[in-house]
């Protein structure tokens, strides 16, 4: 009897907890609030051309179907995914959520998904020559079918930018599902790649340094969000003060960071304040006219200036403030950027809370530009390098060659 009573009490308690988590009125309030914030403040809302009426109708109808906290989180996650923008993210996830990125990147070429970049600076155990391979299946499902089944409903999946974004989101995969990719190699053979068997290097230091033929190399290890980085960078740069030139490697800054670190680093390479990025936003209080706000952000000199030639290495896993730092070196006229396209994370971020949830989300509230006017997310490195091999570091080799040429 006691056991039955305990089970009954447990059932009642669990029911109450679930009922609190699935207050559909509050869920709808938060959903409407998110849609309102996106409509008013998301800097790229117009460019995305996502049908907002479809979003209101479709996601509004899903509210009453939500039965668990996991489903409520996914409701918001999928809504943000409609804008195919990896900078639009929730501050939480579930086992069924999609990861933010994969260690490979695919581009659409001739209507096919082709692997164009591999995160070789971080991968320890990839030995298949997959660059240039065509993706045909994900977990045994034809790629076209997987794209069609991706859980967005209001954006155009045939639009190239959206389709490419979805492909790479599928490669990132859900946390609780495998990621086995079927590939057709350039020699016509078919192979499978299990992304979950790939191992990423675990970096313990904020920065690492090296010296190659008198040229210093400073690698930032995904630490642009750590305020201790400025001090660590100072120590690294000071140790290389007698180098003939410098390579700054930003290819492992996938999680971004903030401008304190970027301005601190840039300040070591200039003798006077210099502009390093431009901001643009539109302010529209209530029903009043929209007024553009446009300003240039400067870096200021600090510490002993490093005066030798500088090259900055970037790639598909150079993200957010990593991208800002890269274009910043060009803005202050102190670095040549070498590599592939970057992560292309758009805009200046801010956090937004929900009224009824213990988590929030992040959106871009201002557009960011190179000082020459190029939108940051459209920037292409001055010295572009197509990755063609997994057996050598083509971008580092190119960077060293450029520094040597600048020294001469």
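Data overview
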item	result
Residue that is farthest from residue 203 (Cα to Cα) [pool: residues in the stretch 216-234 that are in a loop (DSSP other than H, G, I, E, B) and either free of Cβ contacts under 8 Å to residues at least 24 places away in the same chain or out of contact with any strand residue (DSSP E or B) (no Cβ under 8 Å at 6 or more places or on another chain) (or both)]	227
Number of positions in the stretch 277-309 that are in a strand (DSSP E or B) and in contact with a helix residue (DSSP H, G or I) (Cβ under 8 Å, 6 or more places away or on another chain)	3
Which numbered condition residue 192 fails, given (1) surrounded by 13 or more Cβ atoms within 10 Å (Cβ to Cβ); (2) touching a strand residue (DSSP E or B) at 6+ places or on another chain (Cβ under 7 Å); (3) more than 23 Å from residue 81 (Cα to Cα)	(1)
3 or more residues not assigned by TED's automatic domain parsing to the domain that holds residue 394: qualifying strands (runs of 3 or more DSSP E) within the stretch 310-384	348-353, 360-369
Candidates 211, 246, 237 - the one that is over 25 Å from the mean Cα position of the chain (by Cα), part of a strand (DSSP E or B) and within 21 Å of residue 324 (Cβ to Cβ)	246
The stretch 250-268 - residue that is surrounded by fewer than 19 Cβ atoms within 10 Å (Cβ to Cβ) and not in a helix (DSSP H, G or I) and, of those, farthest from the chain's Cα centre (by Cα)	258
Residue count, the stretch 385-408 (criterion: outside any helix (DSSP H, G or I) and over 29 Å from residue 347 (Cβ atoms))	7
Residues of the stretch 51-73 that turn out to be touching a residue at least 60 places away in the same chain (Cβ under 8 Å) and over 18 Å from residue 352 (Cβ atoms), as a count	3
Test: residue in the stretch 296-303 that is touching a strand residue (DSSP E or B) at 6+ places or on another chain (Cβ under 7 Å) and over 19 Å from residue 225 (Cβ atoms)	yes
Given (1) under 24 Å from residue 181 (Cα atoms); (2) surrounded by fewer than 19 Cβ atoms within 10 Å (Cβ to Cβ), number of the condition residue 53 does not satisfy	(1)
Qualifying residue in the stretch 237-251 (condition: free of Cβ contacts under 8 Å to residues at least 40 places away in the same chain, assigned by TED's automatic domain parsing to the domain that holds residue 326 and closer than 21 Å to residue 374 by Cβ)	no
Considering residues of the stretch 369-392 that are in contact with a helix residue (DSSP H, G or I) (Cβ under 9 Å, 6 or more places away or on another chain) and under 27 Å from residue 125 (Cα atoms) only, the residue surrounded by the most Cβ atoms within 10 Å (Cβ to Cβ)	387
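Per-residue answers, yes or no, for (1) touching a helix residue (DSSP H, G or I) at 6+ places or on another chain (Cβ under 8 Å); (2) in contact (Cβ under 8 Å) with a residue 40 or more places away in the chain; (3) farther than 16 Å from residue 187 by Cβ:
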| position | (1), (2), (3) |
| --- | --- |
| 106 | yes, yes, yes |
| 109 | no, no, yes |
| 114 | no, no, no |
| 117 | no, yes, yes |
| 121 | no, yes, yes |
| 126 | no, yes, yes |
| 131 | no, yes, no |
| 136 | yes, yes, no |
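Let's see how each residue does on (1) under 22 Å from residue 350 (Cα atoms); (2) in contact with a strand residue (DSSP E or B) (Cβ under 8 Å, 6 or more places away or on another chain); (3) modelled with pLDDT of 95 or more; (4) surrounded by fewer than 20 Cβ atoms within 10 Å (Cβ to Cβ):
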residue: 2; (1), (2), (3), (4): no, no, no, yes
residue: 13; (1), (2), (3), (4): no, no, no, yes
residue: 24; (1), (2), (3), (4): no, no, yes, yes
residue: 61; (1), (2), (3), (4): no, no, yes, yes
residue: 77; (1), (2), (3), (4): yes, yes, yes, no
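The values are calculated or read from the model by the stated rules, or taken from the named source; none is laboratory data. Please read these numbers as outputs of a predicted model, since none were measured by experiment. Neighbour counts are summed over all protein chains in view; Cβ atoms, including those assigned to glycine, are modelled from backbone coordinates with ideal geometry.
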